[in-house]
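What follows draws every value from the coordinates through simple rules; no lab data is involved. Treat the numbers as computed from the prediction; the structure is a model and nothing was measured. We place every Cβ from the backbone using ideal geometry, glycine too, and count neighbours over all the protein chains shown.
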Amino acid sequence: MKKLLVSFISIALVFLASSFLEEKTIDIKTKAALGKKLFSEKILSKDSSVSCASCHKPAYAFADTVAFSSGIGGKLTKRNTPSVLNMKNRPYYFWDGRAGSLEEQALMPIQNPDEMGLPIAEAVDRLNKNPEYIKLFFKIFKQRPGKENLSAAFAAYEKTLETTNSKFDDWSNNMGKLSREEEAGRQIFIGDKAKCFNCHFREDFTDDGFKNIGLYDGKDLNDAGHYDFKKDKKNLGKFKTPGLRNVAVTAPYMHNGMFKTLEEVVNYYNDPSKVVSNPINIDPDLRKPLGLTEKEKRSLVAFLKTLTDKKFRR
């Protein structure tokens, strides 16, 4: 009788697990939904300890909260983790621009030895040994998991991560007002004195260009940025201009995460020479101090905070 009861319980547990798996699978009906699941999937890392979401934290606008993120075995990334929001219309990805599409970008962290450390062939093999993923990939792609459909799922999900519901958007659409300080900051932002608008414009506040803002001296600051990808000296110390949507919740800042607050960022731009005495190849716009007053700097920060989507307001 006891053996019969144990057998019955075992069968029941298998049935419940199967039903739960079926229910989860039914909920996922699109490439984007599959990509969302994969974004938090730890078996895509060598030791199954981290996922994309481990560094691109949804609560912090899909950025991290530390200068360098922890990958497998506690290894640190070489650069600060950028947000993956508002990437749908970007022409290239990563701080140095080495990826030309979301599909190409999506697989690079998986195989990076300092991040997830798993060869793509092995990642695909793991998915093909997982009954749930086999079922999902057949359901959505009509084929087993592979390199191409894995990257396609990631890209489809990331293309859904657009934000257009900030206080600034309300103002832009005549649905709300900025405070006096925020409006003053907006005027400073688009004006000739601060020069922010020279690089941070369009709907996502980026020109999608590469700039050297003075954080390269070949010594203490020796990340050459875009130069490592293009091997052209004119690109020494240049990094991709990040978009500014949700910037208030994606600290720390810059490719090396060296600034902890927006106030520190604005202070740096106001006079880079106070932080880096002998920068190499710094952009002409930053070779002289901007001369912003304390009041103007506070107003500029207040405006930048209006770019935070309402879902990330704290």
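What to note about this one:
- With contacts taken as Cα pairs under 8 Å at a separation of at least 6 residues, the chain carries a relative contact order of 19 percent.
- Calculated FRET efficiency for the pair K142/D223, C-beta based, R₀ 41 Å, to 0.05: 0.40
- Dipole orientation for the stretch 143-266: of the candidates L150, C199, A248, L150 has the Cα lying most toward the positive pole (charges on Cβ; Lys, Arg +1; Asp, Glu -1).
- Among L178, L34, a tally of other beta-carbon atoms within 10 Å of each Cβ gives an order, fewest to most, of L178, L34.
- For the stretch 23-158, relative contact order (Cα pairs under 8 Å, six or more residues apart, normalised by length) works out to 30 percent.
- Relative to the longest principal axis of the Cα atoms of the chain, helix 294-305 runs at roughly 30 degrees.
- Its Cα centre serving as origin, the chain has a Cβ charge dipole (Lys and Arg +1, Asp and Glu -1) of approximately 560 debye.
- Per-peptide average of other Cβ atoms within 10 Å, ordering 162-172, 246-256 highest first: 246-256, 162-172
- Ranked by how many other beta carbons lie within 10 Å on average, peptides 64-72, 215-223 from highest: 64-72, 215-223
- Theoretical ellipticity at 222 nm over the chain - DSSP helices of four or more residues, -39500 (n - 2.57) apiece, nearest 500: -11500 deg cm²/dmol
- Rounded to the nearest 10 degrees, the inclination of helix 180-190 to the longest alpha-carbon principal axis of the chain is 80 degrees.
- Principal semi-axes of the equivalent ellipsoid, √(5λ) from the alpha carbon gyration tensor of the stretch 69-186, are 36, 20, 12 Å from largest down.
- Taking the stretch 285-314 and a reference point 7 angstrom along Cα→Cβ of E181, the backbone N atoms nearer than 14 Å belong to 294-306.
- N173/K75 FRET efficiency (R0 45 Å; Cβ-Cβ; nearest 0.05): 0.55
- Of K159/K193; K159/K310; K260/K297; K57/K234; K219/K288; K31/K177, pairs whose Cα-Cα distance is over 26 Å: K159/K193; K57/K234; K31/K177
- By the count of neighbouring beta-carbon atoms within 10 Å, fewest first, M108, M116, M87 end up ordered M108, M87, M116.
- Among (i) 85, 47, 36; (ii) 55, 51, 38; (iii) 62, 46, 36, the entry derived from the coordinates for Cα extents along the principal axes in Å: (i)
- Listed residue (W95, A63, S45) projecting farthest to the positive dipole end of the chain, Cβ model: S45
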